[in-house]
Amino acid sequence: MEIKLIGLSGIPLIKEGDNLGEIILSTSEDHNTVLEDGDVIVVAETAVAKSEGETIPLNSIYPSPKAIKIAQETGKDPKLVEVIIRESEEIIKVGPDFIISQTKHGFVCANAGIDESNVEMGLAKPIPSDPDSSAREIRVKIESSTGKKVAIIISDTQGRAFREGAIGVAIGISGMDPLWDRRGEKDLYGRELQTTSIAVADELASAASIVMGQAEEGMPVVIIRGVDYFEQLRSEFANGKSLIRPKKYDVFR
C-alpha cells in the first residue's frame, strides 16, 4: 500500500459559525485538489472547536478551592485548572505540571484535552462536545456535494502512557470503522491471529499530524489518499467510541 498525505494549505483562521465542510470543499477546489472515493480527511479538533464556538474566556472563570489547591500542586493557572475540572468526569492523577483526567467523552488524557494554543490570547479551548457528530456533519456535506465516499477523522494531539512525546489521535470519526479486527487472519507463518485489533483511526490521525504540525504551520486539514482498506471498513454509522477502553479493563486505576 502506498498512501499520500496532502496538506490542505490556504485554510483561513476559523471563526465561530464557519462551515468546515464548505471551507474544505472551496479550499480543495482553489488548489485543484479533487476529492476522490476513499479519501480520509483528517481535521484538527482546534478548527472544529473554534467553528462551533467552544472556546472559554479565562477571565470569566472563578476558581474553586479545589482548583486553587491543584493549581498550587501543578503550578498551573487556577482559572485553567477550574476549566479542566469542569470538563472532567474524574481527576485521576495530579503531579508537577500535569493533570491526568477522564473527560466527559471518556478520554483519559492530560488536562482534559484543554488547550491554549492556536486560539486567541486569554481563551482556553476544550475538546469539541461531540466530535463524532462534528465528523458526520462534515462528511455529509462533502459527500452530498461531491458524490464521493470519504471518511472524516477529528484529531487531537495527546501524550501516551509510558512514552515521551505527543502524537495525533482520533477523537471522532465518521465514514469508516476506527478499529480493524484482524482476528482469524494468518500471520507469515500460518498462525491464526488471536487478539489483533488495529486502531487504524489513530494510525491515520498520527500520520496526518506529521503534515499538520503543532505550531504556526496553519494546516488544520490533511487528506490521506490510498488507504486500501477503506472499503473494507466503510461504515455510515461508525463512531470513535469503540476506541475508548472501558474502565473495567483499565488495570492502572
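Here, each number is a calculation from the coordinates, and none is a lab measurement. What you see is a predicted model, and the numbers here were worked out from it, not measured in a lab. Here Cβ is always computed from backbone atoms with ideal geometry, including for glycine, and neighbour counts include all displayed protein chains.
Principal axis extents of the C-alpha atoms in the chain (largest first, rounded to whole Å): 54, 49, 28. For the chain, take the longest principal axis of its alpha carbons; what is the angle in degrees between that and the long axis of helix 131-146, to the nearest 10 within 0 to 90? Tilt relative to the chain: about 30 degrees. Taking label positions 7 Å along the Cα-Cβ direction at both Thr195 and Ser129, the computed distance is 3.9 nm, reported to one decimal. Quick check for you: which residues of segment 118-147 have the amide N under 14 Å from the point 7 Å beyond the Cα of Glu231 toward its beta carbon? Under 14 Å, as judged by backbone N against the label point of Glu231, lies no residue of segment 118-147.
A straight line joining the Cα centroids of segment 147-174 and segment 224-242 runs 13 Å.
Only DSSP H runs of four or more residues enter the estimate; each adds -39500 (n - 2.57), and after division by the residues of the chain the mean residue ellipticity at 222 nm equals -8000 deg cm²/dmol. Hey, what angle do you get for helix 200-212 against the long axis of the chain, alpha-carbon based, 0 to 90 degrees rounded to 10? Value to nearest ten degrees: 80. Evaluating kT/(6 pi eta Rh) at 4 °C and 1.567 mPa s, with the Kirkwood radius of segment 56-124 over Cα pairs in the Stokes-Einstein relation, gives 109 µm² s⁻¹.
Across segment 56-124, the relative contact order, built from alpha-carbon pairs under 8 Å that are at least six residues apart, equals 28 percent. Pairs over the 29 Å Cα-Cα cut-off, from the set Lys76/Lys104; Lys93/Lys141; Lys15/Lys148; Lys149/Lys247: Lys93/Lys141; Lys149/Lys247.
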